[in-house]
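Beneath this line is the structure, given in structure tokens, with notes to follow.
The values are calculated or read from the model by the stated rules, or taken from the named source; none is laboratory data. These numbers come from a predicted model, not from an experiment. Note: ideal-geometry Cβ built from the backbone for every residue, glycine included; neighbour counts use all protein chains shown.
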Amino acid sequence: MVEIATPGLRLLIVDDDNLLCWALEQEFAAHGLAISHCHDGKDALGRIRAAFYDLVILDVHLSDASGIAILEETKRLSPGTRVIVMSAAADTADIRKALAAGAEQFIEKPFDPSMIRGHVLGMFRDYPVRRSHPRYICRIPVRISLLAPAPPGTGFDIDRLSGIAEEVGAGGVRVATNYPLAAGQVVRVNSGAADSAEPFLHLIPSHATAEVRWTTMSPGGFRAGLSFRTPPVPQEVSPEGTA
């Protein structure tokens, strides 16, 4: 077990992967979080009974217990503790159970620890916009079509912009793309052919229409937060005659 004696929010990481725990500790250490980690469910529950944690990051598959069972007991012992669940073998059943038990997020391994840092800071601060829906970290290729306003002379095919959905939920999606989307633009997000192996794909409606809520520069391109529109706006037809 490693303790980082910094003031502020208390975070517990529960995973038997020492390298992952170390990587997460490095990401959070500079942000005023008091961090500890342990390797099994028994130790985790002992710590949660002994002290309050603002956040627990919990693996689904532990050596001595189901992570879902530990999540349920954590919420019973400490209702104010927020929990993020992670797994290298995510399936729809685990996702549904975790969400029903009160998980804030389900993260599929492997993942970039810096993405987790951004999400955790966003749970306790406005970074960059506080989310009202649970979201799940993923990597789903998507095609983005810019509907309106569509600036001329961009140098991009605005009907077929490529991107990666990095977080998705019932309310919207965060995408990484090379195109500088702007807040207020209306776009269509197409996740392509259904892939039954991708547990989060059903959260992106086919040809979903969304509004860009925020955008920021990132290494190698841009990231943008898209909010799904309800009801969707009427589909427009491109000059080539395809939607």
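One table, with the values for the structure above:
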quantity: In region 73-99, the residues that are out of contact with any Asp or Glu (no Cβ under 8 Å at 6 or more places or on another chain) and among the hydroxyl-bearing types (Ser, Thr, Tyr); calculated: THR74, SER78, THR92
quantity: Of the criteria (1) among the β-branched types (Val, Ile, Thr); (2) closer than 18 Å to ILE137 by Cα; (3) part of a strand (DSSP E or B), which one ILE35 fails; calculated: (2)
quantity: Qualifying positions in region 64-103 - crowded, with 18+ Cβ neighbours inside 10 Å and within 15 Å of the chain's Cα centre (by Cα); calculated: ARG82, VAL83, ILE84, VAL85, MET86, SER87, ALA90, ILE95, ALA98, ALA103
quantity: Of all residues in region 20-47 being modelled with pLDDT under 95, of a type in the set (A, V, I, L, M) and within 19 Å of VAL85 (Cβ to Cβ), the one that is nearest to the chain's Cα centre (by Cα); calculated: LEU24
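A quick yes/no check of all residues on (1) among the polar types (S, T, N, Q); (2) at pLDDT 65 or above; (3) surrounded by 13 or more Cβ atoms within 10 Å (Cβ to Cβ):
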position	(1), (2), (3)
ARG139	no, yes, yes
LEU146	no, yes, yes
ALA150	no, no, yes
GLY171	no, yes, yes
VAL175	no, yes, yes
ALA183	no, yes, no
GLU211	no, yes, yes
